[in-house]
Amino acid sequence: MHAWLSYFVLFCIPFSAVQAEDLYLPFSNDEINVSQYPNAQAEWRIVWLHSQSDRVLSWEYTLLNQLQQNGFEVWATDILGSLFLTRTAGSVRGLSGESVATVLEAAQQASNADGKPIILVAADRMANAALKGVRSWQSHNLEQPTDFKGSIFLFPNLYTSRPIAGKAPNWEDVVNLNQAPVMILQPEQGVHRWYLGDLMQSLSSQHAPVYGWILPGVKDYFYNPFAKQKTDAEQAMTEQMPKLLRLSAQRLASQASSRHPIEQPVLNDLAESDSRASHGMPKLHEFNELKPSPGLVGKTFEGETLNLADIRGDVVLVNFWATWCPPCVTEIPSMNRLLAKYRDQGLQILSVDFQQSAEEIAKFSERVPVDYPIVLDQDGRISKDWGVFSFPTTFVVDRQGRVRYSLNQGVEWDVPEFEAPLKALLNEP
């Protein structure tokens, strides 16, 4: 298991982009659509799983054309779209893996004819579907020859269901049963940066070779930033994607087996209740074992140093967020109202912004009023210390400095369901 901090230079092969060709693969009572981006000179066949988020699709099409022009044949498939599934985390978790295995088998049939090595690429939660797909395909072809060299995951989200903020991460079962080479391309400023080592260790527990590269200066979805335009670092890294994938593929191929595994450990089926999307009113997670909150010392975007310990004796909402996160921004007005309502009773809110500059936050605060301090978490370590997996995440700290509740989604805070537990804490001595 290895990790590198590297920076790359764009690698280009002159080639004219060709319009994608559609391939329809029978699957159960449906069809899986695969968009093929041919390249007669290609050395690699990439199977690309489109993102869960439909906001990302148009950017991925542009990226795939770029890969096609740089020496790859790409087979891109939108599994959720093909199967008419809702684009939710629950739908992704509910995928059995057979759909991805169907695409991999078709790619293998093509490689039987031309010998091109196969690489599977997936990002975010689709890495879960990728691992299941590889495993399913392997189980149907035990000990058979294969041109599959491994998977490349961009900022993979492989936590079980919705992880509880403040607790150690639990990985999907398939992570610990992985038997194929994996390369992880993890943005330095990404949400999962500080969990990369734990994930790599779990992915390699069955002795599969696992590698990780840190991509400097960029966030998750850097090739499709949720800001209005890309930063210079994001633009540069997007242009380097062909080189990144080529080097990753070469690393995987150097360790890949020419045959599928001999046998596989048992993977339990996903419980039906786990695969359904969660609806209804969110609830605070209450911690039964009360522990002191992690330390929190940092500078605000205005340069003031704040220490959570200095406001012990008050009930504090510690809110982790970022300006590029729509639910984070949406819940700010309700937090302002909540603070105005209960400040005199001892409520405080301390906000922690994830890896953005003081200038960015200053500009944001000119547009959106924030009535509480904003601490800058510029390297992401505060978020890691508190066990933050997604944004927004909020912790409720009682007057004794203990974490009593957590919630890792955006809500309207000034409603009875959330005010009631806060009022109970405010009434405690």
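Remarks
- Listed by first and then second residue, the pairs linking a residue in the stretch 124-146 that is assigned by TED's automatic domain parsing to the domain that holds GLY90 to a residue that is in a loop (DSSP other than H, G, I, E, B) and among the aromatic types (Phe, Trp, Tyr), with Cβ atoms under 9 Å apart and 6 or more places separating them unless they lie on different chains, are ASP124/PHE155; ASP124/TYR221; ALA127/PHE155.
- Residue in the stretch 312-319 that is modelled with pLDDT of 95 or more and outside any strand (DSSP E or B) present: yes
Each row is one residue, and each column tells you yes or no for (1) touching a strand residue (DSSP E or B) at 6+ places or on another chain (Cβ under 7 Å); (2) crowded, with 16+ Cβ neighbours inside 10 Å.
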residue: LYS299; (1), (2): yes, no
residue: CYS325; (1), (2): no, yes
residue: THR330; (1), (2): no, no
residue: TYR342; (1), (2): no, yes
residue: PHE364; (1), (2): no, yes
residue: PRO373; (1), (2): yes, yes
residue: SER383; (1), (2): yes, yes
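- The one condition in (1) under 26 Å from VAL218 (Cα atoms); (2) acidic (Asp, Glu); (3) surrounded by 18 or more Cβ atoms within 10 Å (Cβ to Cβ) that ASP379 fails to fulfil: (3)
- Comparison of THR102, THR88 shows that the only residue that is in contact with a strand residue (DSSP E or B) (Cβ under 6 Å, 6 or more places away or on another chain) and touching a residue at least 60 places away in the same chain (Cβ under 8 Å) is THR102.
- Qualifying residue in the stretch 67-81 (condition: under 27 Å from GLU239 (Cα atoms), over 19 Å from the mean Cα position of the chain (by Cα) and of a type in the set (Gly, Ala, Ser)): yes
- Lone unmet requirement of (1) touching a Pro at 6+ places or on another chain (Cβ under 8 Å); (2) of a type in the set (Ser, Thr, Tyr); (3) closer than 22 Å to LYS243 by Cβ for TYR37: (1)
- Residue count, the stretch 184-199 (criterion: closer than 24 Å to SER254 by Cβ, part of a helix (DSSP H, G or I) and within 14 Å of the chain's Cα centre (by Cα)): 2
For every residue, the table says whether it meets (1) buried (at least 17 other Cβ atoms within 10 Å of the Cβ); (2) at negative phi; (3) in the same structural domain as CYS328 (by TED's automatic domain parsing).
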{"residue": "LEU199", "(1), (2), (3)": "yes, yes, no"}
{"residue": "LEU203", "(1), (2), (3)": "yes, yes, no"}
{"residue": "ALA208", "(1), (2), (3)": "yes, yes, no"}
{"residue": "LEU215", "(1), (2), (3)": "yes, yes, no"}
{"residue": "TYR221", "(1), (2), (3)": "yes, no, no"}
{"residue": "THR231", "(1), (2), (3)": "no, yes, no"}
{"residue": "MET237", "(1), (2), (3)": "yes, yes, no"}
{"residue": "GLN240", "(1), (2), (3)": "yes, yes, no"}
{"residue": "ARG246", "(1), (2), (3)": "yes, yes, no"}
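- Filter result for PHE389 (touching a His at 6+ places or on another chain (Cβ under 9 Å) and modelled with pLDDT under 95): yes
- Just one of (1) of a type outside the set (A, V, I, L, M); (2) under 30 Å from ARG402 (Cα atoms); (3) in contact with a strand residue (DSSP E or B) (Cβ under 9 Å, 6 or more places away or on another chain) fails for PRO187. It is (2).
- Within the stretch 373-429, restricting attention to residues that are assigned to a loop (DSSP other than H, G, I, E, B) and of a type in the set (Gly, Ala, Ser), the residue that is nearest to PHE301 (Cα to Cα) is GLY380.
- Counting only helices (runs of 4 or more DSSP H) wholly contained in the stretch 74-183, the ones carrying 1 or more residues that are of a type in the set (A, V, I, L, M) and within 30 Å of SER383 (Cα to Cα) occupy 89-94, 126-140.
The values are calculated or read from the model by the stated rules, or taken from the named source; none is laboratory data. Everything numeric here is computed off the predicted structure, so don't read it as measured data. Positions of Cβ are backbone-derived with ideal geometry, glycine not excepted, and every protein chain shown enters the neighbour counts.
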